[in-house]
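Read-outs: derived from the displayed coordinates by stated rules, not from any lab. Nothing here was measured: the structure is a model prediction, and the numbers come from that model. We place every Cβ from the backbone using ideal geometry, glycine too, and count neighbours over all the protein chains shown.
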Amino acid sequence: EPEVTQTPSHQVTQMGQEVILRCVPISNHLYFYWYRQILGQKVEFLVSFYNNEISEKSEIFDDQFSVERPDGSNFTLKIRSTKLEDSAMYFCASTEETSASLFGPGTRLLVL
Amino acid sequence: GENVEQHPSTLSVQEGDSAVIKCTYSDSASNYFPWYKQELGKRPQLIIDIRSNVGEKKDQRIAVTLNKTAKHFSLHITETQPEDSAVYFCAASIGDYKLSFGAGTTVTVRA
């Protein structure tokens with residue numbers, strides 16, 4: 001069964017540094033998402049991406065965040081200048097139009 | 001935006017007993033309600049989902065019910081087993097698009 005993949009699995013960075021989280025969605029899926037989960041809390045929506053553009057974003061997704069689909073397979077989340085409060089598990093998800101969102105294994109980001 | 005409330009936050013059951021988790025949602029336009037199981041440090045895994053044109057759906061020991069009028073939906077796990085121990089999240093969306101999650105229920109099945 002196809003799965004969403006994410007790299008890296010763990011990322012440690014210094015406050016103020018840029019990080020790029022990578023995802024490979026399922027190949028025939030059309031909608032791509034980033035969610036984050038702060039330790040012990042619920043999963044929160046960050047941004048959705050369809051037809052090569054952002055379709056919706058949350059209040060969390062401020063100017064420090066950006067997403068990109070640089071080629072036909074990768075979907076990336078960039079945080080330009082990381083803050084301590086960006087420490088969380090970041091999940092990528094993808095879906096066809098009529099199927100459930102399938103989540104990747106996540107990237108655990110720790111900002112020091 | 002959509003607000004999903006989930007109860008209880010923790011649930012401890014004896015192996016073989018049933019577990020019930022309840023969620024309410026605020027946006028009457030929501031029409032898709034998936035449930036995810038998340039084991040420690042792992043990705044959320046879809047276990048069952050229901051659409052608003054259906055009142056109940058069952059898959060082996062797991063069932064979900066939906067009351068559109070009251071805007072609540074529930075997960076029922078029967079004959080619980082130790083491997084059912086995990087955090088369970090309900091979610092709601094309009095279409096199959098962005099998901100609004102509940103706060104999660106930590107289920108512990110006692111052997």
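What's the Cα-based Rg to Rh of the stretch B:48-102, Rh via Kirkwood?
0.98
Taking the alpha-carbon distance from B:Lys71 and a cut-off under 28 Å, which lysines remain once sequence neighbours fewer than 8 residues away in the same chain are dropped?
A:Lys42, A:Lys57, B:Lys22, B:Lys37, B:Lys57, B:Lys58, B:Lys98
Can you work out ³J(HN,Hα) from phi for every residue in the stretch A:43-60, in order, using Karplus 6.51 cos²θ - 1.76 cosθ + 1.60 and θ = phi - 60°, giving whole Hz and x for Gly and Pro?
Listing the rounded values in order: 6, 10, 5, 9, 7, 10, 9, 8, 6, 6, 8, 5, 9, 7, 9, 8, 5, 5 Hz.
Give the average, rounded to an integer, of partner chain Cβ atoms located within 10 angstrom of each Cβ in B:43-50.
4
Can you give me the relative contact order of the stretch A:1-42 as a percent, contacts being Cα pairs under 8 Å and 6 or more apart?
Relative contact order of the stretch A:1-42: 41 percent.
Quick one: which of A:65-73, A:16-24 comes out on top by average Cβ neighbours within 10 Å, and what's the full order, highest first?
A:16-24, A:65-73
Jot down the radius of gyration and Dmax of the protein assembly as shown, Cα atoms only, both in angstrom.
Cα radius of gyration and Dmax of the protein assembly as shown are 17.5, 51 Å respectively.
Might you report the magnitude of the Cβ-based charge dipole of the protein assembly as shown about its Cα centre, with Lys and Arg at +1 and Asp and Glu at -1, to the nearest 20 debye?
Charge dipole, the protein assembly as shown, about its Cα centre: 240 debye, nearest 20.
Could you give log10 I(q)/I(0) at q = 0.16 Å⁻¹ for chain A, computed by the Debye formula over C-alpha point scatterers of equal weight, without solvent?
Those come out to -0.66, one per q.
Averaged across the residues of A:99-111, what count of C-beta atoms belonging to other chains lies within 10 Å of each residue's C-beta?
Per residue, the number of nearby Cβ atoms from other chains is 4 on average.
Explain nothing, just the number: relative contact order of chain A, from Cα pairs under 8 Å at least 6 residues apart, as a whole percent.
Worked out over chain A, it gives 39 percent.
I want the local charge near B:Asn31. Using Cβ-Cβ distances under 9 Å, sum +1 for each Lys or Arg and -1 for each Asp or Glu among the other residues.
Computed value for this residue: +2.
Report the charge-dipole magnitude of the stretch A:31-101 in Debye, nearest 20, computed about the Cα centre from +1 at each Lys and Arg Cβ and -1 at each Asp and Glu Cβ.
On the way: 7 positive and 12 negative charges, 49 e Å.
Using only the charged Cβ atoms, the result is roughly 240 debye.
Determine Rg/Rh for chain B; Rg is computed over alpha-carbon atoms and Rh is the Kirkwood hydrodynamic estimate from the same atoms.
Working: Rg = 13.2 Å, Rh = 13.9 Å.
Reported Rg/Rh, Kirkwood definition of Rh: 0.95.
If pairing requires two Cys Cβ atoms under 4.7 Å apart, which cysteines of the protein assembly as shown are left without a partner?
none
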